[in-house]
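Throughout, read-outs are computed from the coordinates displayed, never taken from laboratory work. Just so we're clear, the structure is a prediction, and the values are computed from it rather than from any experiment. When we count neighbours, we look across all protein chains shown, and the Cβ atoms used for this are built from the backbone with ideal geometry, even at glycine.
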Amino acid sequence: MNDSAIQKPEPDRADLLQLLQGVNEFTHKAFPENRELFESLANGQAPHTLFVTCADSRVVPERITQTQPGDLFVCRNIGNIIPAYGEMLGGVSAVVEYAVSALKVRQIVVCGHSDCGAMKGLMAPQAIAETMPTVAAWLRNAEAARSVVFTRKPEGPAALTALIEENVRLQLAHLRTHPSVAAALANGQLALQGWVYNIERGEVEVLGQNGLDYLPLEDAIQQLQAEATA
Ligand code: ZN
């Protein structure tokens with residue numbers, strides 16, 4: 001056999017090179033500029049919030065919330081899903097337990113987003129069952145959101161938006177089934193909040209305390225400020 005026939009084509013390394021150059025810039029520019037912050041974090045973390053969101057590359061929690069390293073304990077997966085306790089004891093359940101029991105986070109935010117590929121997949125699960133069986137199995141943890149939305153028979157883009165919003169509600173309900181979360185909620189040590197991030201507009205809507213309506217950010221801020229001064 002001719003050697004050249006079995007040679008794989010050389011992959012384009014431009015992306016990897018860009019990543020390494022990015023690290024180089026971080027180490028020699030961003031890091032020295034924030035040396036005090038990074039040094040203060042060297043031996044421990046005390047994040048105030050567990051932030052659960054989608055693995056989507058366009059959703060960047062620290063950038064959206066303008067937070068610093070050390071502020072957010074982040075869990076990302078396909079569709080910002082938290083399996084109900086006992087359903088699937090795995091990485092996500094461990095993250096929740098560790099964040100609440102060991103790190104004692106004071107908030108958990110579940111953040112869905114516009115144009116979510118996972119939620120599009122959930123709208124047509126049979127289409128992905130054959131090609132992506134693992135994704136399809138994972139999305140079963142959001143199946144109840146699909147049935148809620150589809151009983152209302154929404155159409156077009158409204159259906160996807162409704163599903164994205166309902167999935168956040170459902171995952172908040174799943175969170176409450178985790179013993180660590182249930183206990184911290186009962187003790188008043190923890191608050192849960194649902195968000196939907198709009199990629200195109202750079203805006204976040206916040207699920208109101210009634211768990212029904214999504215409020216514009218300004219309203220959510222006002223409510224929280226009023227509670228703080230009450
Ligand atoms: Zn997504």
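As an exercise, find the ratio Rg/Rh for region 1-129 from alpha-carbon atoms, using the Kirkwood inverse-distance average for Rh. Write down the numbers at each step before the final one.
On the way: Rg = 19.9 Å, Rh = 18.2 Å.
Radius of gyration relative to Kirkwood radius: 1.10.
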Ranked by GNM mean-square fluctuation in the chain (Cα springs under 10 Å), the top entry among A99, A14, A182 is A14
Identify which of Q45, Q193, Q107 has the largest mean-square fluctuation in a Gaussian network model of the chain, with springs joining Cα atoms closer than 10 Å. Q45
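So for the chain: antiparallel DSSP bridges make up what percent, rounded to the nearest 5? Spell out each step's value before the answer.
Details: 7 of 25 bridges.
Percentage antiparallel, nearest 5: 30.
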Before anything else, pin down the relative contact order of region 23-146: Cα pairs under 8 Å, at least 6 apart, normalised by residue count, whole percent. 26 percent
How high is the relative contact order of the chain, in percent, counting Cα pairs under 8 Å that sit 6 or more residues apart? 19 percent
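Over all alpha-carbon pairs in region 99-209, figure out the percentage whose distance exceeds 24 Å. Could the numbers behind the result be given before it?
On the way: 2008 of 6105 pairs.
More than 24 Å apart: 33 percent of the Cα pairs in region 99-209.
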Assign one of three labels to the chain, namely rounded, prolate or oblate, based on the Cα gyration tensor with a ≥ b ≥ c the square roots of its eigenvalues; rounded applies when a/c is under 1.5, prolate when it is not and a/b is larger than b/c, and oblate otherwise. oblate
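Under a point-charge model restricted to the Cβ atoms of Lys and Arg (+1) and Asp and Glu (-1), what is the dipole moment magnitude of the chain relative to its Cα centre, in debye to the nearest 20?
About 500 debye.
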